[in-house]
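Below is one structure, written out as structure tokens, with a few remarks after it.
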């Protein structure tokens, strides 16, 4: 089982986290189009390689984390607190 | 009207009930060295504040560590339980005073803080004994070796699939762990620990208190 | 005179094959233990495996093979032995050459019907074409209706032991471990690596599949035994090493997460250890490879290591008259062992000089051996020592790609592709003297400790290379490649001829390597045969994938102890004592009812009832920016919620689908209490934190879950005010405490209670939230003080009826994963004029489209029929126009009522539509307002 290096708690089993998904900007609700909004809701790049994603450490610090992970190797290049930017 | 005097009950079923200070406690006394007790009557005050500001200094401890001290209500154990989160444990019956005292101290920092009395909202178990870490290894993926989780360490993780604050708080040199969960999960967690400890001789024992 | 010892007991005296004491034997001759074999009484010494005890008693045929039911004897005399799978009591597929005899064991052979000796299914081998290559694929394609029949026939033929439907109370365990260094394999290399790592300060876990440490030293000569004794003593003295015997590393996963099956624990059927290792040292040694030739599966054909185990560990003479084919020094040592054991060695065929066996003859057991020089030698034992297989599974699972070394006739690790946290030690790397192996492993152990963070300079690991060995796989005369699956050499070549020209395809087509030994014995032979048949080299052909798990693990061990959290309210002891029928709702155990839900409904409508609603989600919200948060997450407006006021809100997700609902009250200037559905409590908390942390980290809001900080009780019914008034200091008068308000005060002497005046049931009602430790006290007081009012406890079922009468929808009952806000009928709540809220664009578009389904009330014309939930509503052409989402018999109205989602064209009140019941009957229902009882809401506002 892969370890995720939580900036607050240190390396923890991936099962302690909830995978939130690929991180992307939320379109402006006032001006968005159905095409743009549904791309935001449903379409993900799912690359074989580095990807920016959000994880929630539900069984630990209960913080949302911005994680950069290589999906080919599971190497985590960075993991920081989404709100404060705190890194380990 | 004595039957209408409020009686507080802990989350774990009591085998031999006695009433003390308005709480129904368990009078059992374990004979072996490995014990589990329901410490839920302890005052439990939850603090939220910036993780790295003046409040942290006022509370005297940061994330992942514990400190013993006195915040104006007698001996307390302050636990850095999360980023910008603290758990302060005190003697039974001191919760209101403790909450007020902490609120007052933190007000001086000018920071955005919240102080809540969660005495009745959380279950608090204490697992004590030379082989306590072995029991935890049956229900938890964390490394409880002295090098990684020494006395005074605090962390939050999953115990038997329940999110738990684990606080290493040794008693007279004997490894001891405070386990802090949602109150409604207290009985389940106690059962899971007794199951994990059945080969190690784990026994329930009565309320011990903070000292 | 026959050379064959009898397999029978009784009439003929058994031939004891037990030798006198051997220097390295693992049996305790001071006492014997009884067991039975196919119903006959046998005795074993403590330390005997089932197979060694039977072999000592002269048994030679242990089982019938899987497909052709050919008689099989011992091949490897260890865990892998494909001939020694037994039924022990109610446990099938026991590894008989590994499992130690225990007193009273009832052992029987498998795959035999009606008996081991007279197996009628052995006709399969006479009608060999019946099970030709790919037989299953070719034969049982059509006609499909005959599949159940095929299955019945096949099941009788491939019966592999019997499982019990009642597994009893077996205790399967889990344990987590965090060794700095985990050593897989407890031979000389593994022991030396463990010692070096421990001496460098590492915590070490040393895992050995056999019952003792030592590997091949155990069946070695005096020098080997002396070296073994020394290593064992050092390991025993090293406190930093935890030794696990009869345990096996089952797999290596991401970040050195390593599974270990531990088998020999008292009171534990099997334990799965989940180890997070700093460094994994792979030191499994080598596995001896069988030779493929005609008759190679006859009882009496054995590997040299099997002979050496039998003689030296168990003091069992493996036969009377032997032929040995040897290509290596270990085979030569087997010859010496045989001679010492009093076996007549009729011939030694030195494979290094191109001598060898081409055929074995016999029926039911070996009788003669045919050599490649045309000799025919009578023998009951044929020993082959034709090469080694490196068990590289753990290295492959670590990302390594072992390379084939033709000069050594085996695969070896490619150090360049090994991750930093995995090292290999010992014979899997190369061959050397015991001293040199120990020296190599010592360096590996020190380096493993260093890589696990124990400091020190990088260690130079001495080079170790496999010695030359002839490539010997098959005599080219047929025979079996996979003895577990009964796959022959001919099956492999036929598969290639039929176009399955890659080893992965041949594996799937023939099932070679898919049996219990999982390729450890047969993979390289299979690869060699495929290579020969395709004209490629072994390196070009490659191996099949070595996947976890390395060794079988019971499902019980994978499951471990049941860790399924359940949650209880503080009033659960009362519910238990008063006959509540428990309802499992997510993790919660709740009272469904106390015997008569309809009576409970009537009590609430006419008097007063109380229900335990502790699972309702509760979030304490504090801070100046709480209104911003509420405005963002709820579809309605929250800016002007006054102190002491409560408002109902609905949350939608970004796709506009209804996610949760509940009321939120304002308790203080910057203090709110939010309630959620019971099932949504955890989700909503994470949802709130998600928006705060990722979208608005600048907002000052603290969220604390307080769901179980309060015991929650709903007091409902026309006399609820009267009841609660007897217990609280809060002024309950309609003027002081109106509908949709919140107050704080004491109840039954308990301070800090929160009282909402809200109405899910449609009656005058108060939802009180009591500090949880006092929940049982307050509940008992309500029951005691309300006795004269007829206070009635009611359960979830009565509450569901009451709310249905009032037309309140339940999220995820009356809505689903596609139900957007306007479908749920909350049009008045959705404020599209807000600048933003979660799901706003989708709800705007939903309204613009104006083609959505509606949530409506329904009443069957025949009020005695309750259409089951999920019954479909039909349109005039018979298509599906919606479904019943909730339905109950209403005790208040004396007729059935429901809620339904229905296409807008049919949603008008008064429309009559057809509902198809699950039994196929059609009934007519009329669309009504969703609110069936007290549409004006007078009752809850009194």
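With (1) surrounded by fewer than 23 Cβ atoms within 10 Å (Cβ to Cβ); (2) more than 30 Å from residue C:397 (Cβ to Cβ) as the list, and residue C:323 as the residue in question, which single condition is left unmet? It fails just one condition, (1). Look at (1) farther than 26 Å from residue B:49 by Cβ; (2) more than 16 Å from the chain's Cα centre (by Cα) and you find that residue B:112 fails only one, number (1). Just give me the residues in the stretch C:747-764 being free of Cβ contacts under 8 Å to residues at least 60 places away in the same chain, in contact with a helix residue (DSSP H, G or I) (Cβ under 6 Å, 6 or more places away or on another chain) and away from every other protein chain (no Cβ under 14 Å), in sequence order. Selection gives C:760 alone.
Is it the case that some residue within the stretch C:784-797 is assigned to a helix (DSSP H, G or I), within 14 Å of chain B (Cβ to nearest Cβ) and either touching a residue at least 60 places away in the same chain (Cβ under 8 Å) or closer than 19 Å to residue C:570 by Cβ (or both)? Checking the stretch C:784-797: at least one residue is assigned to a helix (DSSP H, G or I), within 14 Å of chain B (Cβ to nearest Cβ) and either touching a residue at least 60 places away in the same chain (Cβ under 8 Å) or closer than 19 Å to residue C:570 by Cβ (or both). Every condition in (1) modelled with pLDDT of 95 or more; (2) crowded, with 17+ Cβ neighbours inside 10 Å; (3) within 8 Å of chain C (Cβ to nearest Cβ); (4) over 24 Å from residue C:707 (Cα atoms) is met by residue B:176 except one, and the failing one is (3).
Only one of the numbered conditions (1) more than 14 Å from residue C:799 (Cα to Cα); (2) surrounded by fewer than 19 Cβ atoms within 10 Å (Cβ to Cβ) is not met by residue C:583, and that is (1). In the condition set (1) surrounded by fewer than 21 Cβ atoms within 10 Å (Cβ to Cβ); (2) over 30 Å from residue A:84 (Cβ atoms); (3) touching a strand residue (DSSP E or B) at 6+ places or on another chain (Cβ under 9 Å), residue B:20 is compliant with all but (3). Considering only residues of the stretch C:691-722 that are away from chain B (no Cβ under 14 Å) and touching a strand residue (DSSP E or B) at 6+ places or on another chain (Cβ under 6 Å), which is surrounded by the fewest Cβ atoms within 10 Å (Cβ to Cβ)? Residue satisfying both the conditions and the ranking: C:694.
Rundown of residues vs (1) farther than 20 Å from residue B:207 by Cα; (2) at pLDDT 95 or above; (3) in contact with a helix residue (DSSP H, G or I) (Cβ under 9 Å, 6 or more places away or on another chain), yes/no style:
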{"site": "B:76", "(1), (2), (3)": "no, yes, yes"}
{"site": "B:80", "(1), (2), (3)": "yes, yes, yes"}
{"site": "B:90", "(1), (2), (3)": "no, yes, yes"}
{"site": "B:95", "(1), (2), (3)": "no, yes, no"}
{"site": "B:98", "(1), (2), (3)": "yes, yes, no"}
{"site": "B:103", "(1), (2), (3)": "yes, yes, no"}
{"site": "B:118", "(1), (2), (3)": "no, yes, yes"}
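Okay, residues lined up against (1) modelled with pLDDT of 95 or more; (2) within 14 Å of another protein chain (Cβ to nearest Cβ); (3) part of a strand (DSSP E or B):
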{"site": "C:863", "(1), (2), (3)": "yes, no, no"}
{"site": "C:920", "(1), (2), (3)": "no, no, no"}
{"site": "C:926", "(1), (2), (3)": "yes, no, yes"}
{"site": "C:935", "(1), (2), (3)": "no, no, no"}
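Can residue B:30 be described as surrounded by fewer than 20 Cβ atoms within 10 Å (Cβ to Cβ) and away from chain C (no Cβ under 14 Å)? Spelling it out, residue B:30 is indeed surrounded by fewer than 20 Cβ atoms within 10 Å (Cβ to Cβ) and away from chain C (no Cβ under 14 Å).
This table checks each residue for (1) within 45 Å of the chain's Cα centre (by Cα); (2) in the same structural domain as residue C:721 (by the TED database); (3) farther than 17 Å from residue C:815 by Cβ.
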| position | (1), (2), (3) |
| --- | --- |
| C:867 | yes, no, yes |
| C:881 | yes, no, yes |
| C:903 | yes, no, no |
| C:911 | no, no, yes |
| C:934 | no, no, yes |
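Does the stretch C:698-728 hold any residues that are under 25 Å from residue B:45 (Cβ atoms) and assigned to a loop (DSSP other than H, G, I, E, B), and which are they?
Our first condition is that a residue be under 25 Å from residue B:45 (Cβ atoms); within the stretch C:698-728, this holds for C:699-712.
The answer is C:699, C:700, C:701, C:706, C:707, C:708, C:709.
Quick grid of which residues meet (1) within 23 Å of residue C:556 (Cα to Cα); (2) in contact (Cβ under 8 Å) with a residue 40 or more places away in the chain:
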| site | (1), (2) |
| --- | --- |
| C:173 | yes, yes |
| C:176 | yes, yes |
| C:183 | no, yes |
| C:189 | no, yes |
| C:207 | yes, yes |
| C:213 | no, no |
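So that you can scan it fast, the table gives a plain yes or no per residue for (1) out of contact with any strand residue (DSSP E or B) (no Cβ under 7 Å at 6 or more places or on another chain); (2) under 21 Å from residue C:708 (Cβ atoms); (3) surrounded by fewer than 19 Cβ atoms within 10 Å (Cβ to Cβ):
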{"residue": "C:507", "(1), (2), (3)": "yes, no, no"}
{"residue": "C:520", "(1), (2), (3)": "no, no, no"}
{"residue": "C:559", "(1), (2), (3)": "no, no, yes"}
{"residue": "C:579", "(1), (2), (3)": "yes, no, yes"}
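Taking (1) assigned to a helix (DSSP H, G or I); (2) over 26 Å from residue C:886 (Cβ atoms) in turn, residue C:802 satisfies each apart from (2). The set of residues in the stretch A:66-88 that are over 13 Å from residue A:7 (Cβ atoms) and not in a strand (DSSP E or B) comprises A:71, A:72, A:73, A:74, A:75. Taking the stretch B:2-15 only, how many residues are more than 9 Å from chain C (Cβ to nearest Cβ) and either loosely packed, with under 11 Cβ neighbours inside 10 Å or over 21 Å from residue B:192 (Cα atoms) (or both)? Of the residues in that region, 2 qualify. Residue under question is residue C:744, and the condition is that it be farther than 25 Å from residue B:24 by Cα, in contact with a strand residue (DSSP E or B) (Cβ under 9 Å, 6 or more places away or on another chain) and within 14 Å of another protein chain (Cβ to nearest Cβ); does it hold? So residue C:744 passes the test. Note on the stretch B:76-170: enclosed strands (runs of 3 or more DSSP E) holding 3 or more residues that are at the interface with another protein chain (Cβ under 10 Å from one of its Cβ atoms) are B:114-117, B:154-159, B:162-168. Kindly evaluate residue A:45 against the criterion of being in contact with a strand residue (DSSP E or B) (Cβ under 7 Å, 6 or more places away or on another chain) and surrounded by 13 or more Cβ atoms within 10 Å (Cβ to Cβ). In short, no. Pairing each residue of the stretch C:545-574 that is more than 10 Å from every other protein chain (Cβ to nearest Cβ) and at positive phi with any residue that is assigned to a loop (DSSP other than H, G, I, E, B) and exposed (fewer than 14 other Cβ atoms within 10 Å of the Cβ), provided the two are 6+ apart or on different chains, yields no C-beta distance under 9 Å. Looking across the stretch A:18-34, just one residue is closer than 30 Å to residue B:158 by Cα, within 9 Å of chain C (Cβ to nearest Cβ) and over 9 Å from the mean Cα position of the chain (by Cα), and that is A:18.
With the stretch C:539-641 as the region, which strands (runs of 3 or more DSSP E) entirely inside it contain at least 1 residues that are at pLDDT below 95 and not assigned by the TED database to the domain that holds residue C:263?
So the answer is C:581-585.
A quick yes/no check of all residues on (1) assigned to a helix (DSSP H, G or I); (2) in contact with a helix residue (DSSP H, G or I) (Cβ under 9 Å, 6 or more places away or on another chain):
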{"site": "C:404", "(1), (2)": "no, yes"}
{"site": "C:408", "(1), (2)": "no, no"}
{"site": "C:416", "(1), (2)": "yes, no"}
{"site": "C:420", "(1), (2)": "no, yes"}
{"site": "C:430", "(1), (2)": "no, yes"}
{"site": "C:437", "(1), (2)": "yes, yes"}
{"site": "C:444", "(1), (2)": "yes, yes"}
{"site": "C:448", "(1), (2)": "yes, yes"}
{"site": "C:451", "(1), (2)": "yes, no"}
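The values are calculated or read from the model by the stated rules, or taken from the named source; none is laboratory data. Because the structure is a prediction, the values reported are computed rather than measured. All Cβ positions, glycine included, derive from the backbone under ideal geometry; neighbour counts span all protein chains shown.
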